[in-house]
Amino acid sequence: MMKTSSLNKLLFTSLLISSFLTFNVQAANQDSLNQTQNLVKANNKYVTLLGTQVAVNDLAPNFKVVDKNFTPVELSDFKEQTVLISVVPSLDTGICSIQTKRFNDEASKLPSNITILTISNDLPFAQKRFCKVENVDQIKVLSDSVWRDFGEKYGLIIKDMGLLTRAIFIVDPQGKVKYKELVKNISQHPDYTTALKAVRDIAPILVVDPQDNDNELPDNQ
């Protein structure tokens, strides 16, 4: 009988090979995707973004990513929530780490009808390790490395790099994009203050029933 450690190594190797093959197929097909220039810079040079750009007031495209256990997660799983999506190129870089920890710290201060997602193309193994080391436990950290579905539908894949460009989106409970920031240079931080104010303004107000302090009801006004 194969030992558990050997099985884990075999699974890890298989997943790496699968991700590598998927990446190569996507790289071969990248010319078939929409291409956008002159929006984002890396090292003071414009990069080409692959996929379809979405605009404020567009219906937010549903997408499928995976969590740390490779379980599929979709935007449609967060119905009736206001969703802030923080997009980073890689959690193992300084600004991406700070961005993710900043939103994790802020999440506990937000109403319960606001969900924060962080999405990158890091493998789930790396995301799981990062969250454990950095005590990131208030937000959902998700990977677009399997299907690149999110990056393609939101126009965020950096051509010839395979990373997602730095961005913030806010989707309201009706499923519309109400806020978008493509950070102009991936080496810079997003506008945390404006994004956090916007997500509070976009989310429906929660009213506490005076008869039951634990019962939060959405204001229908």
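The values are calculated or read from the model by the stated rules, or taken from the named source; none is laboratory data. Bear in mind the structure is a predicted one, so any value in this text is a computation, not a measurement. Cβ sites come from the backbone with ideal geometry, for glycine too, and all protein chains shown count toward neighbours. Ligands, DNA and RNA are stripped out before the accessible areas are found, and what is left, the full protein with its side chains, is counted by its heavy atoms. Shrake-Rupley method; radii C 1.70, N 1.55, O 1.52, S 1.80 Å.
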Notebook entry, point to check: Per residue, how much accessible area does segment 39-114 show when a 1.4 Å probe rolls over the protein heavy atoms, in square angstrom?
Noted result: 47 Å²
Next item on the list: Would you list which lysines come within 20 Å of residue 159, measuring only between C-alpha atoms, while excluding same-chain residues fewer than 8 positions from it?
Entry: 41, 45, 184
Check: Rounded to a whole number of µm²/s, how large is the Stokes-Einstein D of segment 43-94 at 4 °C and 1.567 mPa s, given Rh as the Kirkwood radius over C-alpha pairs?
Finding: 91 µm²/s
Next item on the list: Could you give me the percent of Cα pairs per 10 Å distance bin for segment 52-197, shortest bin first, beginning at zero and ending with the bin that holds the maximum distance?
Entry: 12, 47, 38, 3
Checklist line | Cut-off 12 Å between beta-carbons: net charge of the residues surrounding residue 92, Lys and Arg +1, Asp and Glu -1 | finding: -1
Check: What is the P(r) of segment 36-124, as percent of Cα-Cα pairs per 5 Å bin from 0?
Finding: 3, 10, 17, 22, 23, 16, 7, 2, 0
Margin query: If I compute solvent accessible area with a 1.4 Å probe over the protein chains, what percent of it on segment 35-147 is carbon and sulfur?
Written below: 47 percent
Next item on the list: Compare the peptides 55-65, 162-172 by average per-residue count of other Cβ atoms within 10 angstrom and give them in order, highest first.
Entry: 162-172, 55-65
Next item on the list: Using only the Cα atoms of segment 119-198, each taken as one equal point scatterer with no solvent, compute I(q) by the Debye sum, divide by I(0), and report log10 of the ratio at q = 0.19, 0.27 Å⁻¹.
Entry: -1.04, -1.35
